[in-house]
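S.K.: My questions will all concern the structure given below.
The values are calculated or read from the model by the stated rules, or taken from the named source; none is laboratory data. Predicted, not measured: the structure shown is a model, and the values here were computed from it. Every residue, glycine among them, receives a Cβ derived from its backbone with ideal geometry; neighbour counts consider all protein chains shown. Surface areas here come from the heavy atoms of the whole protein model, side chains and all, with no ligands, DNA or RNA. Shrake-Rupley method; radii C 1.70, N 1.55, O 1.52, S 1.80 Å.
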Amino acid sequence: MYSLEFKFQNQGIKYMGTTLIDKTSTETAKIPGNSPSEEESVKLLIEGGVTEIMRRIPHRYPFLLIDRVLEIETGKRILACKNVSINEPFFQGHFPGKPLMPGVLIIEAIAQSGSVLLTTLPQYRDKLIVFAGINDCRFKRQVVPGDQLILEGEITKLRDSFGKASGKATVDGEVVCTCELMFSFIKGIDNPSL
């Protein structure tokens, strides 16, 4: 259990509060009208692990493809990881006797890390972020059970309702995949995990 104290000013009114984060729960206590600062948001992501990731994006098992955030620069770049286990449901059919992580799921893992990165910016915290396109995608190595997939994402363009990011996945320092992802925000639909 972590205790986080915060102070901030909104429209001339000063707020102070405390929130408790239970590392074993998918819920974080919320104080209406208050949200963490950028610095606190980053600290929560790194220390809160998968619980904090699940609080920020709507994906759940078996489709949650990020286990931990390793590094983050607010609104700029992220480094996250996915521990690939033989217990992943996709290995049952992809492929029997030669388990390989599907390339589309590697791209999805990169995209999910980008979604988590965008939640560090207050204006996108409560928005549902979806794919708008993929360019220049290349696969250079296979991903198998036991690998730790390191996911890198960097925002290259950001507008009110659209953006672009460069992404890369590596295993043991070897490049697995590179791509350029485009994303948009669905208007009128808030992030259902918040």
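S.K.: I'd like the full set of residues that are in contact with an Asp or Glu (Cβ under 9 Å, 6 or more places away or on another chain) and among the aliphatic types (A, V, I, L, M), limited to segment 117-148.
M.R.: Leu117, Leu121, Leu128, Ile134
Yes/no matrix, rows are residues, columns are (1) in contact with a Ser or Thr (Cβ under 7 Å, 6 or more places away or on another chain); (2) under 22 Å from Lys164 (Cα atoms):
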{"site": "Glu39", "(1), (2)": "no, no"}
{"site": "Lys43", "(1), (2)": "no, no"}
{"site": "Ile53", "(1), (2)": "no, yes"}
{"site": "Phe63", "(1), (2)": "no, no"}
{"site": "Val69", "(1), (2)": "no, yes"}
{"site": "Gly75", "(1), (2)": "yes, yes"}
{"site": "Ile78", "(1), (2)": "yes, yes"}
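S.K.: How about segment 73-86: which of its residues are at pLDDT 95 or above and either farther than 17 Å from Leu121 by Cβ or open to solvent by less than 70 Å² (accessible area, probe 1.4 Å) (or both)?
M.R.: Listed by number, the residues that qualify are Arg77, Ile78, Leu79, Ala80, Cys81, Lys82, Asn83, Val84, Ser85, Ile86.
S.K.: Would you tally the residues in segment 143-154 being out of contact with any Gly (no Cβ under 9 Å at 6 or more places or on another chain), under 25 Å from Gly48 (Cβ atoms) and open to solvent by less than 50 Å² (accessible area, probe 1.4 Å)? Lay out the reasoning, then the answer.
M.R.: Filtering segment 143-154 down to residues out of contact with any Gly (no Cβ under 9 Å at 6 or more places or on another chain) leaves 144-149.
Filter once more, so that each one left must be under 25 Å from Gly48 (Cβ atoms): 147-149.
Right, trim to open to solvent by less than 50 Å² (accessible area, probe 1.4 Å) and you get 147, 149.
Going through segment 143-154 one residue at a time, the tally reaches 2.
S.K.: Separate question: For Ile57, state whether it is buried (at least 17 other Cβ atoms within 10 Å of the Cβ) and within 10 Å of Thr120 (Cα to Cα). Walk me through it before giving the result.
M.R.: Working: buried (at least 17 other Cβ atoms within 10 Å of the Cβ): yes; within 10 Å of Thr120 (Cα to Cα): no.
So Ile57 does not fit the description; no.
S.K.: Right, next: Assuming Ile186 fulfils every condition listed in (1) closer than 23 Å to Arg55 by Cα; (2) free of Cβ contacts under 8 Å to residues at least 60 places away in the same chain; (3) open to solvent by less than 50 Å² (accessible area, probe 1.4 Å); (4) part of a strand (DSSP E or B) apart from one, which condition is it?
M.R.: If we test Ile186 against (1) closer than 23 Å to Arg55 by Cα; (2) free of Cβ contacts under 8 Å to residues at least 60 places away in the same chain; (3) open to solvent by less than 50 Å² (accessible area, probe 1.4 Å); (4) part of a strand (DSSP E or B), just (3) comes out false.
S.K.: Note down all Cβ pairs under 8 Å where the first residue falls in segment 65-79 and is on the phi > 0 side of the Ramachandran plot, the second is assigned to a strand (DSSP E or B) and among the aliphatic types (A, V, I, L, M), and they're at least six residues apart or on different chains.
M.R.: Pairs found: Gly75/Ile155; Gly75/Leu158.
S.K.: Can you tell me which of Lys127, Lys157, Lys98, Lys140 is surrounded by 12 or more Cβ atoms within 10 Å (Cβ to Cβ) and not polar (S, T, N, Q)? Steps first, please.
M.R.: Working: Lys157 fails: surrounded by 12 or more Cβ atoms within 10 Å (Cβ to Cβ); Lys98 fails: surrounded by 12 or more Cβ atoms within 10 Å (Cβ to Cβ); Lys140 fails: surrounded by 12 or more Cβ atoms within 10 Å (Cβ to Cβ).
So the residue among Lys127, Lys157, Lys98, Lys140 that is surrounded by 12 or more Cβ atoms within 10 Å (Cβ to Cβ) and not polar (S, T, N, Q) is Lys127.
S.K.: Please find, within segment 101-124, the residue that is surrounded by the fewest Cβ atoms within 10 Å (Cβ to Cβ) out of those that are touching a Gly at 6+ places or on another chain (Cβ under 8 Å) and of a type outside the set (Ser, Thr, Tyr). Can you show your working first?
M.R.: Within segment 101-124, the first condition is being touching a Gly at 6+ places or on another chain (Cβ under 8 Å), and the residues that meet it are 107, 110-111, 113-114, 117-118, 120-121.
Then keep just the ones that are of a type outside the set (Ser, Thr, Tyr); that gives 107, 110-111, 114, 117-118, 121.
On the way: Ile107: 20, Ile110: 30, Ala111: 25, Gly114: 26, Leu117: 27, Leu118: 23, Leu121: 16.
Ranking the candidates gives Leu121 first.
S.K.: Please specify each residue of segment 74-88 satisfying the condition of being within 23 Å of Ile134 (Cβ to Cβ) and not β-branched (Val, Ile, Thr).
M.R.: In the first step, residues of segment 74-88 are kept if they are within 23 Å of Ile134 (Cβ to Cβ); the result is 75-82, 84, 88.
Matches in segment 74-88: Gly75, Lys76, Arg77, Leu79, Ala80, Cys81, Lys82, Glu88.
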